[in-house]
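The structure appears below as structure tokens.
The values are calculated or read from the model by the stated rules, or taken from the named source; none is laboratory data. This is a predicted model, so every value here is computed, not measured. Positions of Cβ are generated from backbone atoms using ideal geometry, with glycine treated the same way; all protein chains shown enter the neighbour counts. Only protein heavy atoms, including side chains, enter the accessible area calculation; ligands, DNA and RNA are left aside. Shrake-Rupley method; radii C 1.70, N 1.55, O 1.52, S 1.80 Å.
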Amino acid sequence: MRHYHMMINMKILFLNLPYKFNISRASRWPEKTKSGTLYYPYWLAYCVGVCQREGHDCKLVDCITKAYTTEDTIEEVKSFAPDYIMAEITTPTCAYDYEVINAIKAAYPSAKILIGGTHATILPEEVLRACEGIDYILRQEYDYTVGEIIEADDISKVRGVSYRVNDEGEDISSLNDYDLSQGYEVAHTEDREPLDDLDSLPYVSKVYQEFLNFDDYAYAFAQKPMIQIVSSRGCPNQCNFCSYPSTMGGRIYRTRSVEDLADEFEYILKEIPEIKEIFIEDDTFTVDQNRVIDFCDEIIKRGLKPVWSCNTRVDLKFETMKKMKDAGCRLLVCGYESGNQEVLNQIKKGITLEQSRAFAENARKLDIKVFGCFMIGLTGDNLDTIQETYKFAQSVYPDMCFFQQSVPFPGTGFYKWAKENGYLITEDYSKWLNEDGYLNCLVDYPYADHKEIEKLRDDLMSKYYFSFAYIVKTFLANLDWTEFKRVMRGGTQYISFRVKKAIKGSDNLD
């Protein structure tokens, strides 16, 4: 899929910007994790692959894994001498990101700085007014936007871009001597059409091979080293707390062909044999269960023996789940969210408690591990429903469990609900993360303030993980040495987090 004829080769530096902590900007939940998880910068990496194919000289640098300071990053920029710099920002990190971007622009003003990601997509004007160093905001999926900007004589013709203009409507970033203090307006081109031909994207695994170190990335629930790839974009479900469908991927579900996905699996198995597990980082891999079955049949037909995991929903049928197991699926990540049906209805989750129970039982029958996600402080929650959620978590008993407070990401229905009811405690994004890199609770409810929610969340996590029943179950279920090492790695890091919190005597480390 080519949008323009390439006329000129440019140097493009893709940066996963530095931060004070190890943080996963590509995660739907950007914060310092308690169990060692670190995502690949996969949105950036896909764009690298596209731009390389279009003839550009590209470099991808993960400043997080390299533990770069702002000064280190600037040296990297000067060394590569790019014409363009592409990076992402998120809501929890944006205040710090602005400082880094402005420092880069001041030290190397000749490069045009392009910024994408969830926060920039939903609040492009606010971002441009907050950070002078940014030249262009690339909204939504930006795989092809970078190349189109480089080739375009008129930025207004490139979809999915927000930028500054003067009184005459001219693109200020093309006027190198323009003083922003003279004033400007922000122009927005039409939204991009969601990319429908996902087979047109290069294998992200090849980009990782060229620029990244596989050992730098991990999931607490995955064998290491692991790799993240995407098989679809967009999510047709309506969960009111999820930011990705409201920002990046949209709600139009699009998929790679079964053959293309199986080809990349085969490539990884043959060319990157050190990879222990492939994680399919779709919003929901199992939206089309017939496609899932076709993919599994293709894997089996080729005689491949991958170990893989994915995000799913609890409406997964037993037949589909069994086929996935036969094709090497080790673990399913699902959002149970709540143990109260009315809460599930209010958050538009589109599932029933009966489906959740059946999902858990089927996973046990098939010996597929489950990472269960639960949230507290959802729309419709109260102290009683939160306790129902904990009891429900005990009843479905996932192998790994996550209790987290609801987060009002801009652009979501949950944000709108919290704001309209006056529950938000701040709209200062610099206060989203505490001094240790964990997400603060940002909502005061009629039944509990933000500190009480944080304490309740921590108590639920501790009760679940330090219960005698869970410890025994985990030990007996992970006698296999590979699984035991994975559990010990994640468990040690989480215990370290709790000990540190106890020593500091604070209930606000998250």
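In segment 307-326, which residues are part of a helix (DSSP H, G or I) and either open to solvent by less than 30 Å² (accessible area, probe 1.4 Å) or of a type in the set (Gly, Ala, Ser) (or both)?
Thr320, Met321, Met324
What pairs can you find where one residue is in segment 98-120 and over 20 Å from Val146 (Cα atoms), the other is polar (S, T, N, Q) and at pLDDT 95 or above, and their Cβ atoms are less than 6 Å apart, with a gap of 6+ or different chains?
Pairs that qualify, where the first residue is over 20 Å from Val146 (Cα atoms) and the partner is polar (S, T, N, Q) and at pLDDT 95 or above, are Val100/Thr70; Ala103/Thr70.
Does Thr65 satisfy the criteria of being open to solvent by 30 Å² or more (accessible area, probe 1.4 Å) and out of contact with any Lys or Arg (no Cβ under 6 Å at 6 or more places or on another chain)?
It is true that Thr65 is open to solvent by 30 Å² or more (accessible area, probe 1.4 Å) and out of contact with any Lys or Arg (no Cβ under 6 Å at 6 or more places or on another chain).
Which of (1) modelled with pLDDT of 95 or more; (2) farther than 16 Å from Gly133 by Cα; (3) surrounded by fewer than 22 Cβ atoms within 10 Å (Cβ to Cβ) is the odd one out, the single condition Val48 does not satisfy?
(3)
Would you list the helices (runs of 4 or more DSSP H) that sit entirely within segment 413-510 and hold 3 or more residues that are modelled with pLDDT of 90 or more? Working first, answer last.
Working: elements: 413-420, 450-465, 468-477, 481-504.
Correct list: 413-420, 450-465.
Could you grab me the full set of residues in segment 446-458 that are more than 17 Å from Glu337 (Cα to Cα) and either open to solvent by 20 Å² or more (accessible area, probe 1.4 Å) or in contact with a strand residue (DSSP E or B) (Cβ under 8 Å, 6 or more places away or on another chain) (or both)?
Hits for segment 446-458 are Pro446, Tyr447, Asp449, His450, Lys451, Glu452, Lys455.
Take segment 1-30 and flag every residue that is of a type outside the set (S, T, N, Q), modelled with pLDDT of 90 or more, under 25 Å from Asn311 (Cβ atoms) and open to solvent by 10 Å² or more (accessible area, probe 1.4 Å).
Residues satisfying the conditions are Tyr19, Phe21, Arg25.
Where residues in segment 105-119 are assigned to a loop (DSSP other than H, G, I, E, B) and open to solvent by less than 10 Å² (accessible area, probe 1.4 Å), which of them is nearest to Ile8 (Cα to Cα)?
Looking only at segment 105-119, we keep the residues that are assigned to a loop (DSSP other than H, G, I, E, B), and these are 108-111, 117.
Keeping just the survivors that are open to solvent by less than 10 Å² (accessible area, probe 1.4 Å) gives 111, 117.
Details: Ala111: 16, Gly117: 26 Å.
Of everything passing the filter in segment 105-119, Ala111 is nearest to Ile8 (Cα to Cα).
Starting from residues that are charged (D, E, K, R) and in a helix (DSSP H, G or I), keep the ones in segment 371-388 and report whichever is surrounded by the fewest Cβ atoms within 10 Å (Cβ to Cβ). Working first, answer last.
Going through segment 371-388, the residues charged (D, E, K, R) turn out to be 381, 384, 388.
Pick out the ones that are also in a helix (DSSP H, G or I) and you get 384, 388.
On the way: Asp384: 10, Glu388: 18.
So, considering only residues that are charged (D, E, K, R) and in a helix (DSSP H, G or I), the one surrounded by the fewest Cβ atoms within 10 Å (Cβ to Cβ) is Asp384.
Among the residues of segment 408-420, is any out of contact with any His (no Cβ under 8 Å at 6 or more places or on another chain), touching a residue at least 24 places away in the same chain (Cβ under 8 Å) and open to solvent by 50 Å² or more (accessible area, probe 1.4 Å)?
Yes: segment 408-420 contains one or more residues that are out of contact with any His (no Cβ under 8 Å at 6 or more places or on another chain), touching a residue at least 24 places away in the same chain (Cβ under 8 Å) and open to solvent by 50 Å² or more (accessible area, probe 1.4 Å).
For the condition of a type in the set (Ser, Thr, Tyr), surrounded by 14 or more Cβ atoms within 10 Å (Cβ to Cβ) and more than 30 Å from Ile368 (Cα to Cα), what is the one hit in Tyr429, Tyr465, Tyr397?
Numbers: Tyr465 fails: more than 30 Å from Ile368 (Cα to Cα); Tyr397 fails: more than 30 Å from Ile368 (Cα to Cα).
One residue alone meets the criteria, Tyr429.
I'm trying to understand the selection: among the residues of segment 259-306, which are of a type outside the set (Asp, Glu), more than 21 Å from Val333 (Cα to Cα), open to solvent by 10 Å² or more (accessible area, probe 1.4 Å) and in a helix (DSSP H, G or I)?
Listed by number, the residues that qualify are Tyr267, Leu269, Lys270, Ile300, Lys301.
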